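Everything below concerns the one structure shown next.
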Amino acid sequence: MESTWLALYFALKPGHEDEVEEIFKNSGRPAHNVLDDSGEVVGRLLRTMVFLGKEKAVRVIEVEGDILTVSRHMSRQDEVIQLEAKLDEHLAVARDMVTPEGAMQFFVEAGMRCVVNRTDHD
């Protein structure tokens, strides 16, 4: 299965960068196997990176499988639920990460697709 990269953009309230850094650094790790509604493995969370700048954060994920299925899966993970709840007060733009539909909408609105991914083998 080929992997896909997706970046998620978070607009932060001014002056909240230090708190957001600590939240991400201390967050738990969700289950890496992505399950569909019947519990079948349909993908995998391969890598997560977070970049932080002035009034912005970007979470970059590499996954195998459909990105909307991944967003549903992640919205059900306790570690992600806790992380997102802690982030809420620091975000300039509110979003719903409690429901699978809200998580999918956030992925659609905040998601940025990878257009170039070069390695030393290309």
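The values are calculated or read from the model by the stated rules, or taken from the named source; none is laboratory data. This is a predicted model, so every value here is computed, not measured. Positions of Cβ are generated from backbone atoms using ideal geometry, with glycine treated the same way; all protein chains shown enter the neighbour counts. Ligands, DNA and RNA are excluded from the accessible area calculation, which covers all protein heavy atoms including side chains. Shrake-Rupley method; radii C 1.70, N 1.55, O 1.52, S 1.80 Å.
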Amide H to amide H, which residues 5 or more places from Lys56 or on other chains are under 5 Å from it, using H placed in the peptide plane?
-> Leu12
Which aspartates and glutamates does Lys13 reach when only Cα atoms under 14 Å apart count, and residues fewer than 8 places away in its own chain are ignored?
-> Glu21, Glu55, Asp88, Glu89
Net charge of Cβ neighbours under 15 Å - reference Glu19; Lys, Arg +1; Asp, Glu -1 = -3
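Taking only protein heavy atoms into account and a 1.4 Å probe, give the accessible area per residue of the chain in Å².
Working: 7580 Å² over 122 residues.
Ligands and nucleic acids excluded, the figure is 62 Å² per residue.
Could you tell me the relative contact order of the chain? Use alpha-carbon pairs under 8 Å, at least six residues apart, and round to a whole percent. Numbers along the way, then the final one.
Numbers: 201 pairs, mean separation 42.7, N = 122.
So the answer I get is 35 percent.
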Other residues with Cβ under 12 Å from the Cβ of Gly65 give, with Lys and Arg +1 and Asp and Glu -1, a net charge of -4
Report, to the nearest whole %, how much of the accessible area of the chain belongs to carbon and sulfur atoms, 1.4 Å probe, protein only.
-> 50
How far apart, in nm, are the 7 Å Cα→Cβ label points at His32 and Lys86?
-> 2.1
Inverse mean reciprocal Cα-Cα distance (Kirkwood Rh) of the range 1-110, Å = 14.1
In the neighborhood of Leu35, defined by Cβ-to-Cβ distances under 10 Å, what is the net charge if each Lys or Arg adds +1 and each Asp or Glu adds -1?
-> -1
